[in-house]
Amino acid sequence: MLDSKQLDKEISGKINEIIDDIIKIRRTIHQNPELGYEEYQTSELVARKLESYGIKVARGVGGTGVVGLLAGAKPGKTLLLRADMDALPIQEETGLPFASKVPGKMHACGHDIHTSVLLGAARVLSLYRDRIYGNIKFMFQPAEECSPTGGAKKMIEDGVLENPKVDFAVALHVWPDLQVGQLGFKTGPVSARSDRIFLRVLGKSGHASAPHQGVDAIVASAQVISSLQTIISRRINPRDSVVITIGRIQGGDRYNVICDKVEMEGTVRIMSPGYDDKIPELIRQAGEGAAASVGARFEMDYINGYPMTINDEALTKKVEDLIKKSLGEGAIKEIPLDAGGEDFSFVSQKVPSVYIKLGSSLPVSSEDVGFIPLHNSRVIFDEGCISVGIKTFGIAALGLLSEQEEKHGE
C-alpha cells in the first residue's frame with residue numbers, strides 16, 4: 001500500500017481528473033429533483049454510472065434505492081458509504097443557472113451534493129480494487145426526508161447490511177455552518193431523535209356573537225400550544241435538551257362561526273437519553289388539561305420517527321486521524337449535537353458508524369450577506385465541497401481497509 005502522503009497526492013490527482021464530470025452530474029440531479037420514493041431518474045442515473053465504473057449494482061433496494069458493491073482483490077471486512085437522494089417540496093429561489101426545472105421541488109438539503117460525492121468516491125475507489133482488503137458498499141438511499149418511513153430503514157429491511165455483512169459505515173452531510181474544507185466531527189450522539197405529533201382540539205361550533213353557546217377550538221388550541229412550551233421550561237431538567245415545535249395549524253371555516261375543530265402538526269426533537277417514553281405522556285397531560293380548561297377535548301397521535309444517530313467513538317477517532325493526515329489539523333472542527341433528525345441513525349444502530357458534517361459555505365465577506373440554512377428556498381452550496389467530500393470518503397475507505405492489510409501481512 002502507498003504511504004499516506006503518496007496516497008493523498010494520488011487521490012487528489014484522480015479527483016482533479018473527474019471533478020468536472022461529477023459537477024455536471026450534480027447539476028443534472030439538482031435541475032431534476034425528485035421527492036422521497038419518487039427518485040426514479042436519479043436512481044437510474046446512479047445505477048448506470050456505477051455500472052460504468054465496473055461496480056456491481058442492485059436496483060430497487062428499499063423502493064428506489066441503489067446499492068453498489070466494489071469487491072476488493074483480497075479478503076477482509078466490508079465498509080458501507082452512504083448518500084441520500086431525495087429532494088424537498090420547496091420552490092427554488094436561488095437564481096442559479098442550473099436551478100430546479102420542476103415547480104415546487106428543490107434540493108434544499110444538499111442531497112444532490114451527497115449523491116454526486118458518493119458517485120465520485122465510487123469512481124475513484126474503483127481504481128483501487130486491486131489494493132482493497134474486503135469490500136465497499138455504496139448505499140444510495142431514497143426518502144431521508146420522509147420521517148418516519150425513511151429509506152434507510154427500508155433498505156436495511158431489504159438486506160443492504162448483508163451479503164456481504166457490513167462491519168462499519170460512514171456518511172456525510174453538507175453543512176452551511178462550516179466552510180468548504182472543514183469537516184465536523186463528534187463522538188456519541190450527533191443528531192437528535194426526531195418524532196412527529198398530530199394533535200386535534202375538538203370544540204363545539206356556534207355563532208361568533210354567542211361564544212358562550214359553543215366551545216371555541218381556536219382559543220383552546222392557543223392554550224394547548226402555550227401549555228406545550230411549559231413542558232420544556234418546567235418539566236425537563238435544565239441540563240437536558242428537548243424541543244417541541246408546532247409547525248402547522250389549521251382550523252375554522254368562516255369569520256363569524258365558532259370553530260369546532262383545530263388540527264396541528266409538529267415535531268419533537270430529543271437530544272438527551274431517557275425521554276423517549278416520558279415526552280409523549282407529558283404532551284398528552286398538557287394537551288388534555290389545557291383543552292379541558294375551556295371545555296374542549298384533546299386527541300393526539302404520536303409517531304416515533306428517527307432515533308439518535310450515534311457516532312462510534314473508536315471508529316470516529318480513526319476516521320478523524322485519517323482525515324487530519326490528509327487535509328490537515330485545521331480541517332477538523334468539533335461540532336455540537338444537532339437537533340435535526342437523520343435516518344442514517346438506523347444504520348448506526350446496527351453497525352459502528354461515523355456521520356460527518358461537510359462544510360459547504362465560503363467565508364462571508366460582507367455583513368449584507370446573511371446566513372442561509374438548510375431547507376431554505378435560497379440556500380446555495382459551494383461546489384468546492386464536492387472534491388472535499390470525495391476525498392473524505394476515499395481516504396476513510398482506503399485507510400480503514402488498509403488496517404486489514406497490515407493484519408494480513410503480519
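The values are calculated or read from the model by the stated rules, or taken from the named source; none is laboratory data. These numbers come from a predicted model, not from an experiment. Please note: Cβ atoms are built from the backbone with ideal geometry, for glycine as well, and neighbour counts cover all protein chains shown. Heads up: the accessible areas ignore ligands, DNA and RNA and are worked out on the full protein's heavy atoms, side chains in. Shrake-Rupley method; radii C 1.70, N 1.55, O 1.52, S 1.80 Å.
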Taking the condition open to solvent by 50 Å² or more (accessible area, probe 1.4 Å) and touching a Phe, Trp or Tyr at 6+ places or on another chain (Cβ under 8 Å), does Lys153 pass? yes
All conditions in (1) surrounded by fewer than 23 Cβ atoms within 10 Å (Cβ to Cβ); (2) over 26 Å from Asp84 (Cβ atoms); (3) in contact with a strand residue (DSSP E or B) (Cβ under 9 Å, 6 or more places away or on another chain) are true of Gly287 except (1)
Go through (1) of a type in the set (A, V, I, L, M, F, W, C); (2) under 21 Å from Val117 (Cα atoms); (3) open to solvent by less than 60 Å² (accessible area, probe 1.4 Å) one by one and return the number of the condition Leu362 breaks. (3)
Pull out all pairs, ordered by first then second residue, where Cβ-Cβ is under 7 Å, the residues are six or more apart or on different chains, the first lies in the range 40-57 and is free of Cβ contacts under 8 Å to residues at least 24 places away in the same chain, and the second is open to solvent by 80 Å² or more (accessible area, probe 1.4 Å) and part of a helix (DSSP H, G or I). Val57/Glu51
Residues satisfying the stated conditions in the range 30-82, i.e. of a type in the set (D, E, K, R) and within 22 Å of the chain's Cα centre (by Cα): Glu34, Glu38, Glu39, Glu44, Arg59, Arg82
Looking at Asp112, Asp158, Asp130 in this structure, which one is within 19 Å of the chain's Cα centre (by Cα), acidic (Asp, Glu) and closer than 25 Å to Arg48 by Cβ? Asp112
Would you check if there is a residue in the range 185-199 being of a type in the set (D, E, K, R), outside any strand (DSSP E or B), at pLDDT 95 or above and within 30 Å of Asp112 (Cα to Cα)? yes
For the range 309-321, what are the residues that are open to solvent by 20 Å² or more (accessible area, probe 1.4 Å) and either at pLDDT below 95 or β-branched (Val, Ile, Thr) (or both)? Ile310
Hey, can you tell me all the residues within the range 236-252 that are open to solvent by 80 Å² or more (accessible area, probe 1.4 Å) and either among the hydrophobic types (A, V, I, L, M, F, W, C) or at pLDDT below 95 (or both)? Pro238, Arg239, Ile249
